[in-house]
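For reference, the structure discussed in these notes is given below.
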Amino acid sequence: MTPQEIKKLRNALTKEIKVLEAELGRIAVQNPSVKGDYQAHFHKAEPDDTLDEKAHSITDYEEERAVEQNFELRLREINDTLKKIDMGTYGICDKCSSPIDQKRLKVIPVAKFCFDCAKKAILA
């Protein structure tokens with residue numbers, strides 16, 4: 001990738017981090033003990049809530065927890081990609097150290113594996 005493409009990618013990934021962190025702030029709180037970890041809000045049921053309302057609270061929590069975990073995973077992928085860009089190893093397969101095809105990186109900028117290694121991992 002050209003330096004301009006790398007700069008554009010870095011900007012796009014940085015913007016995505018801000019969006020993800022804002023969304024996480026809406027549904028979760030940061031875990032002070034573990035950097036990059038969030039905990040979904042648990043909407044406590046009131047003592048006079050019906051069983052349906054209590055069940056709804058649990059369902060809301062589980063849905064937010066699933067979203068929170070997906071957002072955390074995406075943040076890790078983006079941060080790992082930014083580290084690779086900084087270290088000059090972006091676009092190199094984590095498994096075989098071959099270059100990752102530029103077309104693949106344009107579609108999946110956070111790709112860690114070349115097509116062959118990714119295919120082997122899926123089939124394994």
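The values are calculated or read from the model by the stated rules, or taken from the named source; none is laboratory data. Note that the structure is predicted; figures quoted are calculated from it, not measured. In this analysis, Cβ positions are derived from the backbone assuming ideal geometry, glycine residues included, and neighbour counts consider all displayed protein chains. SASA here: full protein model, heavy atoms, side chains in, ligands and nucleic acids out. Shrake-Rupley method; radii C 1.70, N 1.55, O 1.52, S 1.80 Å.
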* Asked: Looking only at residues in region 28-66 that are assigned to a helix (DSSP H, G or I) and acidic (Asp, Glu), which one is farthest from residue 17 (Cα to Cα)?
  -> 52
* Identity of the residue in region 22-40, among the hydrophobic types (A, V, I, L, M, F, W, C) and in contact with a strand residue (DSSP E or B) (Cβ under 9 Å, 6 or more places away or on another chain), that ends up most open to solvent (accessible area, probe 1.4 Å) -> 29
* Asked: Where residues in region 88-109 are in contact (Cβ under 8 Å) with a residue 60 or more places away in the chain and assigned to a loop (DSSP other than H, G, I, E, B), which of them is surrounded by the fewest Cβ atoms within 10 Å (Cβ to Cβ)?
  -> 109
* So which residues in region 1-27 are among the β-branched types (Val, Ile, Thr), in a helix (DSSP H, G or I) and more than 13 Å from the chain's Cα centre (by Cα)? -> 6, 27
* Only one of these conditions is not met by residue 66: (1) out of contact with any Lys or Arg (no Cβ under 9 Å at 6 or more places or on another chain); (2) of a type in the set (Gly, Ala, Ser); (3) in contact (Cβ under 8 Å) with a residue 12 or more places away in the chain. Which number is it? -> (3)
* From the list 56, 43, pick out the single residue that is more than 23 Å from residue 108 (Cα to Cα), open to solvent by 60 Å² or more (accessible area, probe 1.4 Å) and touching an Asp or Glu at 6+ places or on another chain (Cβ under 7 Å). => 43
